[in-house]
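Here is the structure we will look at, set down as structure tokens.
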Amino acid sequence: MSRAFVKEDDAGAPEERVDLPVSEHPNLVTPAGLQMLRDKLGVYEAERAKLKEHDTELAAQSHLPRVEQEVRYWEERLRSAIPVDLSEQPRDSVAFGAVVTVEDAEGARHDYQIVGEDEADPQHGKVSYVSPLARALDGAAVGDLITWKRPAGDQELEVVAIEYGG
């Protein structure tokens with residue numbers, strides 16, 4: 001390789017450690033969310049161990065910093081986790097961990113579970129407790145009408161059921 005393509009000031013410089021951003025919100029987790037954090041950390045720790053076994057391979061070396069970054073992120077999320085005992089949540093209103101059934105103006109029903117940020121999966125009805133929908137539902141009781149403020153326009157929903165898994 002020609003020396004023209006090598007930056008002299010980068011030679012031998014330690015690689016900068018960049019971490020993934022961590023949310024400013026409290027790290028509330030459901031029991032399933034806590035297990036998910038443990039599982040994610042385990043996956044990345046196993047991947048790191050495997051890469052370190054083959055540390056002479058260029059591909060492993062270039063992939064290792066990203067895996068280390070993931071390990072640091074999931075360690076921090078697990079360390080900062082605040083488990084919420086769903087059996088202690090109110091049964092007559094929406095709070096963290098609730099599975100809420102709502103009905104829209106057309107009569108269609110949708111189920112949403114209020115979960116922690118890392119556990120959120122909107123495609124599967126799991127919404128973060130800091131999302132606009134969860135904030136609109138917070139404290140609502142069966143029969144209440146709530147307004148979900150969305151970029152596509154506000155939507156009115158009626159709470160028709162509230163359940164907790166724990």
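The values are calculated or read from the model by the stated rules, or taken from the named source; none is laboratory data. These numbers were taken from a predicted model, which means no experiment stands behind them. We place every Cβ from the backbone using ideal geometry, glycine too, and count neighbours over all the protein chains shown. Please note that ligands, DNA and RNA were not included when accessible areas were found on the heavy atoms of the full protein model with its side chains. Shrake-Rupley method; radii C 1.70, N 1.55, O 1.52, S 1.80 Å.
Taken together, Glu117, Glu158 contain a single residue that is of a type outside the set (A, V, I, L, M, F, W, C), closer than 30 Å to Glu70 by Cα and touching a residue at least 40 places away in the same chain (Cβ under 8 Å), which is Glu117.
Restricting attention to region 120-148, the residues that are surrounded by fewer than 12 Cβ atoms within 10 Å (Cβ to Cβ) and in contact (Cβ under 8 Å) with a residue 12 or more places away in the chain total 3. Once region 18-35 is narrowed to residues that are out of contact with any helix residue (DSSP H, G or I) (no Cβ under 7 Å at 6 or more places or on another chain) and open to solvent by less than 50 Å² (accessible area, probe 1.4 Å), the residue that is farthest from Tyr164 (Cα to Cα) is Ser23.
Across region 156-166, the number of residues qualifying as more than 19 Å from Leu34 (Cα to Cα), open to solvent by 40 Å² or more (accessible area, probe 1.4 Å) and either assigned to a loop (DSSP other than H, G, I, E, B) or in contact with a Phe, Trp or Tyr (Cβ under 7 Å, 6 or more places away or on another chain) (or both) comes to 0. For region 73-119, how many residues are open to solvent by less than 40 Å² (accessible area, probe 1.4 Å), under 27 Å from Glu45 (Cβ atoms) and in contact with a Ser or Thr (Cβ under 7 Å, 6 or more places away or on another chain)? The qualifying residues number 4. For Arg38, only one of the following conditions fails: (1) more than 30 Å from Ile146 (Cα to Cα); (2) open to solvent by less than 80 Å² (accessible area, probe 1.4 Å); (3) at pLDDT 95 or above. What is its number? So Arg38 meets the others, but not (2). Residue count for region 139-151 satisfying the condition of being among the charged types (D, E, K, R) and part of a strand (DSSP E or B): 0.
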